[in-house]
Amino acid sequence: MTVTIKNASDIAGMRIAGALAADVLRMIEPEVTPGVSTGQLDRLCHDYIVNQQQAIPAPLNYKGFPKSICTSINHVICHGIPDDTRILKSGDIINIDITVIKDGYHGDTSKMFVVGDAKPFATRLIQVTQECLYRGIELVRPGMHLGTIGHAIQAHAESNYYSVVQEFCGHGIGKIFHEDPQVLHYGRPETGMMLEVGMTFTIEPMINQGRRHMKILGDGWTAVTKDRKLSAQWEHTILVTESGYEILTYRDWEESFPKAST
Ligand code: MF3
Ligand code: CO
Ligand code: CO
């Protein structure tokens, strides 16, 4: 287990990569409408990242992943593969997960979108899942145990009668897409690794409407809920600072949660 501590120049690079990843979510928002295919969303993001941002879409060919973004609809938990035959329809919920590489550094972030008219039970899952992310982020500071963060996320999900997916976790990130530490979205307070200034990692809780259990489809990637109930996910890339946290993938045009602790 090797956790990298980022120096000032690494952090400058991570801020740029994080801002670019967030900007892709801003760009794609108006395109997430009934009638569009996830394959089309993938092409729009790919072309924007490559041509406008002059960056690299990290998922493409990562461990054999065939596309540039992940699109996870309804009961898909994560790693949904964009596809020209999957057309969004009103009432769908979708997570779009963007990871860009700029000057060697990764920025990784995802958010939920509602397509057309929202169903109240879906909106509530999406909202509570975002709160789970924020419950985790607000605890980030030097000396904090990862288990305390996981516990807070799990407690908020379960107090809303939801469940936490255990097979996937947040991760250290920097020049490498997925590095140590593993950031579990469940756990026991005061256990696990202690955070230090200069660490960068993601928090990306996947919260299910029903039971936590999942399976992987025959494509080898798409993770779905076994009970086919809805799943939601939100993700940010976070830096540990002297005073607490800084969200490197912050979307200042829409987020009300503070970008950094004071
Ligand atoms: N962006 C995802 C994460 O949050 C990972 C996607 S890996 C891929 O860690 F291969 F599916 F793209
Ligand atoms: Co991630
Ligand atoms: Co991601």
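The values are calculated or read from the model by the stated rules, or taken from the named source; none is laboratory data. Predicted, not measured: the structure shown is a model, and the values here were computed from it. Backbone-built Cβ (ideal geometry, glycine too); neighbour counts: all protein chains shown. The accessibility values were calculated without ligands, DNA or RNA, using every heavy atom of the protein model including side chains. Shrake-Rupley method; radii C 1.70, N 1.55, O 1.52, S 1.80 Å.
For this structure, a couple of remarks:
- Scanning segment 1-26 for residues that are of a type in the set (A, V, I, L, M, F, W, C), assigned to a helix (DSSP H, G or I) and surrounded by fewer than 16 Cβ atoms within 10 Å (Cβ to Cβ) gives Ala8, Ala12.
- Scanning segment 106-123 for residues that are open to solvent by less than 10 Å² (accessible area, probe 1.4 Å) and more than 16 Å from the chain's Cα centre (by Cα) yields Val115, Ala122.
- Every residue from segment 191-224 that is open to solvent by 50 Å² or more (accessible area, probe 1.4 Å) and closer than 30 Å to Ile5 by Cα: Gly192, Met194, Glu196, Val197
- All positions within segment 155-184 that are touching a residue at least 40 places away in the same chain (Cβ under 8 Å) and not in a strand (DSSP E or B): Ala157, Tyr162, Val165, Gln166, Glu167, Phe168, Ile173, Gly174, Lys175, Ile176, Phe177
- Looking across segment 90-105 at every residue that is at negative phi and more than 13 Å from the chain's Cα centre (by Cα), the one that is farthest from ligand 3 (Cβ to nearest atom) is identified as Ser90.
- Condition met for Arg141 (free of Cβ contacts under 8 Å to residues at least 24 places away in the same chain, charged (D, E, K, R), more than 21 Å from Ile216 (Cβ to Cβ) and away from ligand 1 (no atom under 16 Å from the Cβ)): no
- Residues of segment 140-159 that turn out to be surrounded by fewer than 21 Cβ atoms within 10 Å (Cβ to Cβ) and not small (Gly, Ala, Ser), as a count: 6
- Of all residues making up segment 62-102, the number that are within 11 Å of ligand 1 (Cβ to nearest atom), farther than 17 Å from Lys215 by Cα and either modelled with pLDDT under 95 or aliphatic (A, V, I, L, M) (or both): 4
- Unique residue being over 14 Å from Glu235 (Cα atoms) and in contact with a Phe, Trp or Tyr (Cβ under 9 Å, 6 or more places away or on another chain) when the list is Gly64, Gly143: Gly64
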